[in-house]
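Here is the structure we will look at, set down as structure tokens.
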Amino acid sequence: MCLGVPMRVLSVEGTRARCAARGVEREVSLFLLQHEPVAPGDWVVVHVGYAIQRLSEAQARATWALLDAADGDGEGEGSGA
């Protein structure tokens, strides 16, 4: 199964971004979103190191809620950061 997770953009430098989700930070490629503006504070779906889609904070929270439900732990708040 392939899985993309919502992450909040912390900083952008060219086609690279520093993103965070639930206390984990990652360097992410923005190459696939190079024709869309991405700025700190934005939310993106990250799959294998690439941001593949921008989304709203509400969409990010809803996605985390679904991931928590699928995981069965029910502990996550959906904060993403």
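Any residue at all in segment 54-66 that is in a helix (DSSP H, G or I) and β-branched (Val, Ile, Thr)? There is at least one residue in segment 54-66 that is in a helix (DSSP H, G or I) and β-branched (Val, Ile, Thr). Tallying residues that are touching a helix residue (DSSP H, G or I) at 6+ places or on another chain (Cβ under 9 Å) and of a type in the set (A, V, I, L, M, F, W, C) within segment 37-59 yields 6. Reported count of residues in segment 1-55, each being of a type in the set (S, T, N, Q), at pLDDT 95 or above and exposed (fewer than 14 other Cβ atoms within 10 Å of the Cβ), is 1. If we scan segment 64-75, do we find a residue that is out of contact with any strand residue (DSSP E or B) (no Cβ under 8 Å at 6 or more places or on another chain) and surrounded by 14 or more Cβ atoms within 10 Å (Cβ to Cβ)? Yes, there is a match, as at least one residue in segment 64-75 is out of contact with any strand residue (DSSP E or B) (no Cβ under 8 Å at 6 or more places or on another chain) and surrounded by 14 or more Cβ atoms within 10 Å (Cβ to Cβ). Residue count for segment 1-28 under the criterion of being over 17 Å from Leu55 (Cβ atoms) and assigned to a strand (DSSP E or B): the result is 7.
Within segment 18-43, the residues that satisfy the criterion of being of a type in the set (A, V, I, L, M) and touching a Phe, Trp or Tyr at 6+ places or on another chain (Cβ under 9 Å) are Ala21, Val28, Leu30, Leu32, Leu33.
The values are calculated or read from the model by the stated rules, or taken from the named source; none is laboratory data. Just so it is clear, the model here is predicted, and its values are computed rather than measured. Note that we place each Cβ from the backbone using ideal geometry, even for glycine, and neighbour counts take in every protein chain shown.
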